[in-house]
Amino acid sequence: MKICKQYDKDGDIILYNGNCLDILKQIPDESIDIIITSPPYCMKKAYENSTDDINTFREVHKTIFPELYRILKPYGSICWQVGYHVNDTQTYPLDYIVYDIFTNNSSKLKYPLILRNRIIWTFGHGLNSTKRFSGRHETILWFTKGDKYTFNLDDVRVPQKYPGKRSYKGPNKGKISGNPLGKNPSDIWDIPNVKAQHIEKTSHPCQYPVALPRRLIKALTKKGDMVLDPFMGSGTTGVAAIMEDRKFIGAEIVPEYYEISNQRIKDAINGDAKIRPDVPAMEPNTNSAVARIPDEWRSLNETKKEEKSINRGEETRVREEKAS
Ligand SMILES: C[S@@+](CC[C@H](N)C(=O)[O-])C[C@H]1O[C@@H](n2cnc3c(N)ncnc32)[C@H](O)[C@@H]1O
């Protein structure tokens, strides 16, 4: 396996420390099978400039897109994972911006980008908001370059809830209706995000879980294909690519994160990657101490219940008064 720090046409794994645009320009036309990434959201994270805003996000995407398109093979895939840009005044769904830029800038080209799925990645934990509903999802836009593409559904099927279900009418009445390999995972993916207790957590502030790019790689490429992540952060896409016997090119501009990605990818090559298997999130054990309402809340809840019943009584009185 040839591992390089600069672009090399014979490299199996290329890990570049620098601006992704520099290495993208060196990659030959139509040589990448899939691009999977999560770009900076321009939300003043440790790895962003304090002046970056939603316009920076737009400009970065307009600048990078022609290179991404050029190096992607016809019928290859782009999977762009984004959430929301939130500032003092507004919340922007970043996938709207990405969708517009990617489709408008390719619509007149030989192989326009076609959106295949807008996957909702949902997770149980995150910041608790007091001013709006707490955010518990982000999205992945999956585009193909042109109208053909690889889709290995059987490689990513998930267990059915009711595998023994049978058809209740029609010619297959009485026969088992599901697929023995499992069901289509659908476009809603419930995969725990990488927070403090997660086995994959590094010091990178915004990792996505290995299960996410791994599903995409299994479904949308074949063994030996070349996977690219222009904003590789802690190297999660690279870990997934190696675990699935694909080649990988990644770029990361911050040296500290670049070192983390190198170590994780080395671990993956040696079969030592720490990963959370792609299994459903655990249901809480209702007998565990943390699943029970703490005693301190019981009296509070009683007061709240009393207040609610007083309010309900008042509402009924007003309704009756109006009706009479
Ligand atoms: C959202 S994070 C990606 C996290 C990654 N998916 C993971 O699981 O660790 C975006 C990363 O892009 C890096 N970055 C920002 N601008 C870059 C550029 N022009 N070239 C390469 N990397 C860049 C940031 O330092 C950051 O680590």
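Since every read-out is calculated from the coordinates, none of them should be taken as a lab result. Predicted model only: the values in this text are computed from it and were never measured. Positions of Cβ are backbone-derived with ideal geometry, glycine not excepted, and every protein chain shown enters the neighbour counts.
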Return the distance in nm (one decimal) between the two label points of a simple spin-label model at Lys173 and Phe151, each offset 7 Å from Cα along Cα→Cβ.
3.2 nm
What pairs from Lys62/Lys145; Lys161/Lys222; Lys25/Lys274; Lys5/Lys62 go past 23 Å between their alpha carbons?
Lys161/Lys222; Lys25/Lys274; Lys5/Lys62
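Quick one: if the Förster radius is 25 Å, what FRET efficiency do Ser129 and Asn19 give, using the C-beta to C-beta distance and rounding to 0.05? Provide the component values of the computation, followed by the final result.
Values: r = 34 Å, r/R0 = 1.35.
My answer for the efficiency is 0.15.
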How are the Cα pair distances of the chain distributed, in percent, across 20 Å bins from 0?
27, 49, 20, 4, 0
Between helix 211-220 and the chain: long-axis angle, C-alpha atoms, 0 to 90°, nearest 10:
60 degrees
Tell me the volume per residue, in Å³, of the convex hull enclosing the alpha carbons of region 1-113.
113 Å³
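If you wrap a convex hull around the alpha carbons of region 49-194, what volume per residue comes out, as a whole number of Å³?
On the way: hull volume 27.5 nm³, N = 146.
It is 189 Å³ per residue.
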Angle in degrees between helix 255-269 and the longest Cα principal axis of the chain, rounded to the nearest 10:
80 degrees
Tilt relative to the chain, helix 94-104 - C-alpha long axis, 0 to 90 degrees, to 10:
40 degrees
Working note, region 137-268: Cα radius of gyration (Å, one decimal) and Dmax (Å, whole number) are 18.2, 62
Given the Cα-Cα distance of Asn87 and Asp245 and 0.36 nm per residue of separation, how much length would full extension add, in nm?
52.8 nm
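Nearest 5 is fine: what % of DSSP beta bridges in the chain come out antiparallel, could you say? Intermediate results must be reported in sequence, preceding the final value.
Numbers: 20 of 41 bridges.
Bridges in the chain are about 50 percent antiparallel.
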